[in-house]
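A quick write-up on the structure given underneath.
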Amino acid sequence: MAILVTGGAGYIGSHTCINLLNAGYEIVVVDNFSNSKPEVIERIKQISRKNFLFYQVDLLDEVAVENIFRENDISAVIHFAGFKAVGESVNIPLSYYHNNITSTLILCEIMKKYGVKKMVFSSSATVYGDPEKCPIPENSTLSTTNPYGSTKLMIEQILRDLGRSDHDWSIALLRYFNPIGAHESGLIGEDPHGIPNNLLPYISKVAAGDLPFLNIFGDDYDTKDGTGVRDYIHVVDLSMGHIRALEKILTTKGVEAYNLGTGKGYSVLEVIKAFEKVSGQRIHFKVSSRRPGDIATCYADIRKAKNELNWQASKTIEDMCQDTWNFSINNIKV
Ligand code: WQD
């Protein structure tokens with residue numbers, strides 16, 4: 001019995017594959033490398049010292065996806081595959097809706113056909129929109145401010161409806177806050193193409209001298225120092241949350257959402273200070289205007305995952321910055 005990992009060559013997917021292999025699971029990985037690189041598959045094998053089957057397949061290719069289920073005895077699916085850039089989604093919404101939603105519908109149809117009714121789904125805290133209060137519990141009002149977030153919210157709804165139509169399904173909807181950091185080996189990490197949109201990869205490039213300075217998008221928010229506050233979580237902690245969620249769905253039924261965060265909020269200036277401390281590099285910055293769509297504060301209520309998944313994050317913001325910097329200076333880019 002194997003766990004199918006879609007998007008397994010991606011940032012969070014690759015870290016989760018390593019933890020699955022370390023935990024003794026047999027995995028089958030599928031990725032189309034639209035936002036990842038083939039070398040990551042070899043690095044997962046190198047780090048884990050384990051082998052696994054890999055399929056270079058686009059989930060929109062129904063025949064190829066069914067072939068994976070025909071050739072392997074799949075017991076559950078961890079579904080990461082999808083486009084995930086907020087800004088890009090505003091510019092090409094139809095591509096995001098088609099890619100993220102149609103591929104998930106194809107996957108679910110084939111899972112149903114082969115009697116595979118267990119899924120861990122990669123959702124996002126972006127489904128909370130601009131939260132009424134922090135920390136944010138899972139039963140908060142859900143709303144979205146961009147097409148990327150809307151695909152996540154729509155897929156959550158699709159999966160809830162699927163669970164209501166057939167109570168044999170067991171689905172965990174994992175709402176990530178802000179994943180950062182990298183594997184301690186420095187072999188895999190977040191390596192976006194081009195100029196990074198997210199804070200940590202951008203800071204890392206400034207520290208490495210690849211970019212001259214960071215633009216801080218606004219310092220006039222109603223927060224501790226005026227800059228945006230987010231719940232940063234180490235990608236290794238986050239990937240362990242998937243293992244706990246998998247253990248849960250393998251033994252229970254129903255559809256449940258869980259926040260995967262630390263429950264702590266750090267401002268942009270606090271992150272800069274932590275990164276300077278661990279890297280010994282000055283992070284030059286300029287304050288610019290707010291980024292459209294940004295919210296002031298977002299951090300998780302973490303009690304549900306702790307109580308029901310027996311999981312909580314353990315790594316500190318310094319650990320996250322250290323591992324990000326380690327991945328950068330090793331320059332082991334893939
Ligand atoms: C963090 C903070 C910015 C860049 C996004 C997605 C979310 C999830 C995680 C997928 C904010 C500030 C950033 C910069 C800055 N992705 N910032 N200068 O926007 O919280 O979340 O990534 O699930 O869906 O929305 O992350 O890293 O872009 O921003 O000042 O160059 O850093 O304003 O306060 P965000 P981020």
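The values are calculated or read from the model by the stated rules, or taken from the named source; none is laboratory data. From a predicted model like this one, the values you see are computed outputs, not experimental measurements. Ideal geometry is used to build each Cβ from the backbone, glycine not excepted, and the neighbour counts take in all protein chains shown.
Descriptive notes on the structure:
- Elements of the type helices (runs of 4 or more DSSP H) sitting completely within segment 191-308 and holding at least 2 residues that are within 10 Å of the ligand (Cβ to nearest atom) and of a type outside the set (A, V, I, L, M, F, W, C): these cover 199-207.
- The listed residue being within 15 Å of His15 (Cβ to Cβ) and out of contact with any helix residue (DSSP H, G or I) (no Cβ under 7 Å at 6 or more places or on another chain), out of Gln46, Gln56: Gln46
- Residue that is surrounded by the most Cβ atoms within 10 Å (Cβ to Cβ), among those in segment 77-115 that are more than 25 Å from Tyr148 (Cβ to Cβ) and either touching a residue at least 60 places away in the same chain (Cβ under 8 Å) or basic (Lys, Arg) (or both): Lys112
- Residue pairs meeting the criteria (Cβ under 9 Å; at least 6 apart or on separate chains; first within 20 Å of Val236 (Cα to Cα), in segment 45-59; second assigned to a loop (DSSP other than H, G, I, E, B) and among the β-branched types (Val, Ile, Thr)): Ile47/Ile188
- Only residues that are at pLDDT below 95 and either in contact with a Pro (Cβ under 6 Å, 6 or more places away or on another chain) or on the phi > 0 side of the Ramachandran plot (or both) were counted across segment 279-298, and they come to 1.
- Failed item, numbered, when His183 is tested on (1) away from the ligand (no atom under 15 Å from the Cβ); (2) surrounded by fewer than 19 Cβ atoms within 10 Å (Cβ to Cβ); (3) within 21 Å of Val235 (Cβ to Cβ): (2)
- Residue match in segment 237-245 (condition: within 15 Å of the chain's Cα centre (by Cα) and β-branched (Val, Ile, Thr)): yes
- In segment 122-178, residue nearest to Gly265 (Cα to Cα) [restricted to those that are within 11 Å of the ligand (Cβ to nearest atom) and assigned to a helix (DSSP H, G or I)]: Ala125
- Consider segment 144-176 and keep the residues that are buried (at least 22 other Cβ atoms within 10 Å of the Cβ), of a type outside the set (Ser, Thr, Tyr) and touching a Lys or Arg at 6+ places or on another chain (Cβ under 7 Å). The one that is farthest from Ser14 (Cα to Cα) is Trp169.
- Condition check for Gly254: under 22 Å from Glu156 (Cβ atoms) and under 19 Å from the mean Cα position of the chain (by Cα): no
- Within segment 193-213, residues that are within 21 Å of Gly87 (Cα to Cα) sit with their Cβ atoms under 7 Å from residues that are among the hydroxyl-bearing types (Ser, Thr, Tyr) and surrounded by 11 or more Cβ atoms within 10 Å (Cβ to Cβ), at 6+ positions apart or across chains, in these pairs: Pro196/Tyr202; Leu200/Thr324; Ser204/Thr324; Ser204/Ser328; Leu211/Tyr202.
- Of note, Gln56 does not satisfy the criterion of being touching a Leu at 6+ places or on another chain (Cβ under 7 Å), surrounded by fewer than 16 Cβ atoms within 10 Å (Cβ to Cβ) and modelled with pLDDT of 95 or more.
- When restricted to residues that are touching an Asp or Glu at 6+ places or on another chain (Cβ under 8 Å) and surrounded by 14 or more Cβ atoms within 10 Å (Cβ to Cβ), segment 220-235 contains 5.
One line per residue, one yes/no per condition, for (1) touching an Asp or Glu at 6+ places or on another chain (Cβ under 6 Å); (2) within 22 Å of Ile78 (Cβ to Cβ):
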{"position": "Leu174", "(1), (2)": "no, yes"}
{"position": "Phe177", "(1), (2)": "yes, yes"}
{"position": "Gly194", "(1), (2)": "no, no"}
{"position": "Pro201", "(1), (2)": "yes, no"}
{"position": "Pro212", "(1), (2)": "no, no"}
{"position": "Gly218", "(1), (2)": "no, no"}
{"position": "Gly254", "(1), (2)": "no, yes"}
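- Filtering segment 309-330 to residues that are farther than 16 Å from Val206 by Cβ and of a type in the set (Phe, Trp, Tyr) leaves only Trp311.
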